[in-house]
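Input: a single structure, listed below in structure tokens.
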Amino acid sequence: MKIKSLLPLTTLLGLMWTAGVSATEVTVTLNTISKSMTVVPAAGGETVNIGEPSADSNPVYTFNCDPGDYVMNLFDAKGTPTGSITVSVSGETDNVRLYNISLYATNKTDGIEWQLGKDYDVPFDRINVSSQKGENHPVTPVVYANSTRKVITFPVIIGDSFTATLFPSGDYAEDYAEVTITRTVTFDVSASCTFEPYVTFSLTAPKDAEVKVAQKIGSRHYVPFTYYDPATAVESGNDMVYTYRLPKSSNYNYRVSRPGSITNAGIFDPSKGDITITDAQLNAYPSDYYNHDVAANSGYNYADIYLNINPQGHLHMQPDSKFHIVNLRTWQLTNTVTANYFIEPDYHYTVLGTDFKPDNSVIDITTEGLITAKKQGTAIVQVRYDAMSVDVAGGNLWSSIWAENVGTFVVTVGDKAEGIRSNMKLPYTHENRTGEIDAEHDVFYYMKGEDGFDYTFTPEGVASVSVATPLVDLEKNTLSYPSGFSTEKVSKNADGSYTVRLAFGRNIVCLTDAAGNSVYQVMSAKPASYSVSKAKDVRNDSYNLPGDVLEVNFSGLYHNAGKLAAIYNQGCSPLYSSIPEGYDSNSVKGSGGQYNFPVQQKVTVTLKNDQQPIDFDLSGGCLTFGGFGDKLGGHRDIDYFTGRNPNFTAASQYQLSGVIPDVSFRTDAFADGMELSMSLEFGKSATPVSLAACKLFLGEDMTITSSDKSIATVDKNGKVTAVADGNAVITYANADGTKRFTCSVEVWSIKVEGIAFKDEVVEAVASTKGTRIISTALIWTPAKPSNQNVTYELSNPDVVSLKNNRLYTIAGKAGETDVTVTTADGGYKATCHVIVRMALEKLAFEESAEELTEGESLSLKPVYTPENTDFKELIWVSTNPEIASVDENGLVTALKEGTASIKATSTKYSYISATRNVTVKAKDQSGIESVGIAGVKAYPNPFTDYIMVQTPVATSASVYSLQGSLLISASLEAGQNRIDTSALPSGLYLVRIGSETVKMIRK
């Protein structure tokens, strides 16, 4: 089923219906919120008979209806509406899965959650639903009261994404910022948010620099950031201080640019402090800073570009029409490879004539990349970007675009040359590729040292073929086309075909008909190289023997679809379609990488055990593209209005692209007297030759021996183990010793120069129930010496035991010991002190009353198991401190009627806890009578914000804390008096009236 956009009031699912198509079976699966529904035609009419749903937790309706648009109204189990959605039923079987979104805010003030409609609002027109490709899917939300709160709910189709903006209102409208929530839906979503208060943030930068502060709203990619204007901009010497009032958040970004200087950018949280970009930071590198080392930045260091033109790199426009360039850096500068918050560099556009001189007469391009066609003609556009200093996945210093990758395309304003057929195809076809050349994804690699790649094709309707050949200066990172369009690199063949020599960079092939009309194809070519070695460098001789595992390691290949958020996330590897007979994709296997392909690209070849000497040739090479995401070319569907949502329902793709150089190497056979060699680190093992292949040469009863077992041993399967530094010879011979060959083994090692414990003091915890490993990490000098064997000595073996060179606690034992370690290599020593403490395994309370009266106290006495535990420090907590409080010593005070749980938890190690439930009974509520003066009455008890005292004579009243601190003093007149107690917290107080003192409780 395919989702399409319809009229503004509908959400479409499926294909537009076609008149005359018979009724369609539709299956609709609801969710944990919506339990039933009705279906009515969107254009009006009778309700569709959909029958009864299945009795599942996610009800399923199956019914028949004519193709068309239908409104599905959803309801919960009580019949309360939960929103509606409009779908389009195609002429084929349709399956729809609907989930409900619940929107709400979680802010609280004084423990009370903000209320929808009072403290915040969610305008329905600020709720948008779209497909993964950004197609708009409007819905009808409703206000819905679930078991906890009022929310906004609406149905969406699985895989869709929604964006909703919530606004603070009432008392919070001025001091809190709106919040936009974005989610991609794969299940029922409770989409909560917290409104953030505004914070003040400043960014300081040189006066002559351009400063931008922006925010990525939600998770949709490629749509413009929301930019913020500064509240103030104040000069400070040679700088400007820009002050912003921003919602407290962590997903803002800044950009500081200046012509000629490297762009400084970053993602920041304004509540974490102000930012200063200095003149020195901007001048640290020029804007055209260039780094061509593919191993830099964690292997992500390539500087390429994608454009939204077409596979030919030839854009056709009509006069006065417009086209917006979408340019995307790859490697994409993203905060993490999963979060995908990326920042694009500063882009620059150059318009050239077909003579490669600046010429804006045919088209014009704004600094934002908007092309306007001015008159008929042809222009060439080059797109470059600056270097950037930004801390993202892989590194913090990123090159300007590499000259060979400068974005290049041709624009023809006017009618197309309809009679020309280029027939420029790849030398292979695949079910997911038409064979047509793609200007960006297909690179034609040739062997380094050669002059270029010879590409042959047979066009139709062509009078001439020319090519604009790039000249790339890798040292200066510059690009030029000194010969313009020329036939110098083009040969016309006797069969009517043409051969074009493609040079390093973006070549522009021009096909012209007899009337002078032309079409263009941009083609990239790059040099590459390879080397053949034994896998893992087991042997270092030059023989490629039967059974050997060889690696063909490439240099110079690049990912055919570098990572782009929500579009490309696939892996890339080399593949050869023509391989020697007897081999398949398991024995000749390409491997590469998803993100750092430029530094890991190889083909592994496992030679047959009976392989004879041949020229082992691999041809028909290309790059594979596989994994979840878009097909090649998917980036051209991006526009800056709809963008792209995260794609959690992406299909798996597999495609081929480009051409890679042929590979050839010679295989060898075993021979009598052959001398092989290998280098092996101390302690390591390796099998230098295939035992099965050896037996084919020497016979099943062959022998394998070592000339010096103190240096290197060998087992019956041919595995060699390095025992000590030195040299040994492994001899492979037939049963009577008349045929043999050898492998000399050099054993080497990295010597120990020192050792230390990571921690001078190590603490461990013992239990009564068994032993536990004590972690004592060692620090070696150098970091990875070959011989890491050590011996241990203990000063107190009654506390710690030693087994297989590992330290363990002893059940029920606590104490201290010194641990000394000595290296086998060099005899270096190190000592640490180990302290073993006894664990707390169980915590309980002594028996005590569980029922108290308001005003009473109870001291809970903990019982520790084992009694000698070292972890007796506790944290005391009451679940209802307004009912019963507890202090740091376990003293519980009953405050008012109700129940509370008192919990004690150990502060260290395993955090063992115990709980005692306490019930508080109300005290007599009659007040206080006869407190030394006849007729005196104080009430209520418990009290809240005041105490009323009725007395026949003038006197005084005082309120004290339980610790004796005077809190309130009041003079009382004869009659009724009111004492203000609103400032007192909940608790128990001593109230003195005249000469008498009583206890009263503040609720």
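Summed over segment 247-301, residues that are outside any strand (DSSP E or B), farther than 30 Å from Tyr176 by Cα and of a type outside the set (Asp, Glu) total 24.
Examine segment 125-143 for a residue that is more than 30 Å from Val87 (Cβ to Cβ) and either in contact (Cβ under 8 Å) with a residue 12 or more places away in the chain or in a loop (DSSP other than H, G, I, E, B) (or both), and state whether such a residue exists. The answer is no; no qualifying residue exists. Exactly one residue out of Ser466, Ser389, Ser400 is part of a loop (DSSP other than H, G, I, E, B), over 16 Å from Gly658 (Cα atoms) and out of contact with any helix residue (DSSP H, G or I) (no Cβ under 6 Å at 6 or more places or on another chain): that is Ser400.
The condition (being surrounded by fewer than 20 Cβ atoms within 10 Å (Cβ to Cβ), among the hydroxyl-bearing types (Ser, Thr, Tyr) and touching a residue at least 12 places away in the same chain (Cβ under 8 Å)) is satisfied by just one residue among Thr705, Thr738, Thr713, Thr667: Thr705. The condition of being outside the structural domain of His559 (by TED's automatic domain parsing), within 22 Å of Ser619 (Cβ to Cβ), without any contact (Cβ under 8 Å) to a residue 24 or more places away in the chain and under 44 Å from the mean Cα position of the chain (by Cα) holds for only one of Thr429, Thr456, that being Thr429.
When Lys248 is tested against (1) farther than 29 Å from Gly369 by Cα; (2) buried (at least 18 other Cβ atoms within 10 Å of the Cβ); (3) modelled with pLDDT under 95, only condition (2) is not met. The set of residues in segment 771-781 that are surrounded by 11 or more Cβ atoms within 10 Å (Cβ to Cβ) and outside any strand (DSSP E or B) comprises Thr771, Arg772, Ser775, Thr776.
Among the criteria (1) at negative phi; (2) in contact with a strand residue (DSSP E or B) (Cβ under 6 Å, 6 or more places away or on another chain), the one Gly452 does not fulfil is (1). Identify, please: which residue in segment 885-901 is small (Gly, Ala, Ser) and more than 18 Å from Phe943 (Cβ to Cβ) and is, among those, surrounded by the most Cβ atoms within 10 Å (Cβ to Cβ)? Checked segment 885-901; the qualifying residue surrounded by the most Cβ atoms within 10 Å (Cβ to Cβ) is Ala900. The residues listed here are Gly673, Gly718; of these, the one that is assigned to a loop (DSSP other than H, G, I, E, B), touching a strand residue (DSSP E or B) at 6+ places or on another chain (Cβ under 7 Å), surrounded by fewer than 14 Cβ atoms within 10 Å (Cβ to Cβ) and on the phi > 0 side of the Ramachandran plot is Gly673. If you check Pro197 against the conditions, is it more than 30 Å from Arg149 (Cα to Cα) and in contact (Cβ under 8 Å) with a residue 12 or more places away in the chain? No.
Quick one: in segment 833-881, which of the residues that are part of a strand (DSSP E or B) and of a type in the set (Val, Ile, Thr) is farthest from Pro797 (Cα to Cα)? Out of the qualifying residues, it is Thr853. The single residue among Leu691, Leu680, Leu696 that is more than 40 Å from the chain's Cα centre (by Cα) and within 27 Å of Asp725 (Cβ to Cβ) turns out to be Leu691. Is it the case, given these coordinates, that Asp442 is touching a Ser or Thr at 6+ places or on another chain (Cβ under 7 Å) and crowded, with 18+ Cβ neighbours inside 10 Å? It is true that Asp442 is touching a Ser or Thr at 6+ places or on another chain (Cβ under 7 Å) and crowded, with 18+ Cβ neighbours inside 10 Å.
Residue check: Ile979 meets all listed conditions (1) more than 59 Å from the chain's Cα centre (by Cα); (2) modelled with pLDDT under 90 but one, namely (2). Looking only at residues of segment 308-326 that are assigned to a strand (DSSP E or B) and surrounded by fewer than 21 Cβ atoms within 10 Å (Cβ to Cβ), we find that the one that is nearest to the chain's Cα centre (by Cα) is His324.
Ser190 meets the conditions (1) modelled with pLDDT under 85; (2) crowded, with 17+ Cβ neighbours inside 10 Å in every case but one. The failed one is (2).
Among the listed residues Thr106, Thr153, Thr148, which satisfies the condition of being crowded, with 17+ Cβ neighbours inside 10 Å, in the same structural domain as Glu52 (by TED's automatic domain parsing), out of contact with any Asp or Glu (no Cβ under 6 Å at 6 or more places or on another chain) and not hydrophobic (A, V, I, L, M, F, W, C)?
Thr153
When Val729 is tested against (1) part of a strand (DSSP E or B); (2) in contact with an Asp or Glu (Cβ under 6 Å, 6 or more places away or on another chain); (3) without any contact (Cβ under 8 Å) to a residue 40 or more places away in the chain, just one condition goes unmet, and that condition is (2). State all residues of segment 451-472 that are under 20 Å from Arg506 (Cα atoms) and β-branched (Val, Ile, Thr); if no residue qualifies, say none. Across segment 451-472, the qualifying residues are Thr456, Val465, Val467, Thr469, Val472.
Segment 964-1003 holds strands (runs of 3 or more DSSP E) entirely within its bounds, and those carrying 3 or more residues that are of a type outside the set (Ser, Thr, Tyr) and under 10 Å from Ile947 (Cβ atoms) map to 975-980. Is it fair to say Phe943 is modelled with pLDDT of 90 or more and aromatic (Phe, Trp, Tyr)? No: the conditions fail for Phe943. Against the conditions (1) more than 19 Å from Leu623 (Cβ to Cβ); (2) touching a residue at least 24 places away in the same chain (Cβ under 8 Å), where does Lys534 fall short? Just the number, please. Of the numbered conditions (1) more than 19 Å from Leu623 (Cβ to Cβ); (2) touching a residue at least 24 places away in the same chain (Cβ under 8 Å), the odd one out for Lys534 is (2). Meeting the requirement of 3 or more residues that are closer than 30 Å to Thr338 by Cβ, the strands (runs of 3 or more DSSP E) wholly within segment 506-581 are 549-555, 571-578. Taking the conditions exactly as written (in contact with a Pro (Cβ under 8 Å, 6 or more places away or on another chain), crowded, with 21+ Cβ neighbours inside 10 Å and either under 17 Å from Val663 (Cα atoms) or among the aromatic types (Phe, Trp, Tyr) (or both)), does Tyr568 satisfy them or not? Criteria not met by Tyr568. Quick check: anything in segment 642-653 part of a strand (DSSP E or B) and of a type in the set (Phe, Trp, Tyr)? Within segment 642-653, none of the residues are part of a strand (DSSP E or B) and of a type in the set (Phe, Trp, Tyr). In segment 902-924, which residue that is without any contact (Cβ under 8 Å) to a residue 24 or more places away in the chain and at negative phi is surrounded by the most Cβ atoms within 10 Å (Cβ to Cβ)? For segment 902-924, the residue satisfying everything is Thr915.
When Asn477, Asn423 are screened for being touching a helix residue (DSSP H, G or I) at 6+ places or on another chain (Cβ under 7 Å) and outside the structural domain of Ser619 (by TED's automatic domain parsing), only Asn477 passes. Against the condition crowded, with 16+ Cβ neighbours inside 10 Å, among the aromatic types (Phe, Trp, Tyr) and touching a residue at least 12 places away in the same chain (Cβ under 8 Å), how does Tyr172 come out, does it pass? So Tyr172 fits the description; yes.
The values are calculated or read from the model by the stated rules, or taken from the named source; none is laboratory data. Since this is a predicted model, take the numbers as computed values, not measurements. Here Cβ is always computed from backbone atoms with ideal geometry, including for glycine, and neighbour counts include all displayed protein chains.
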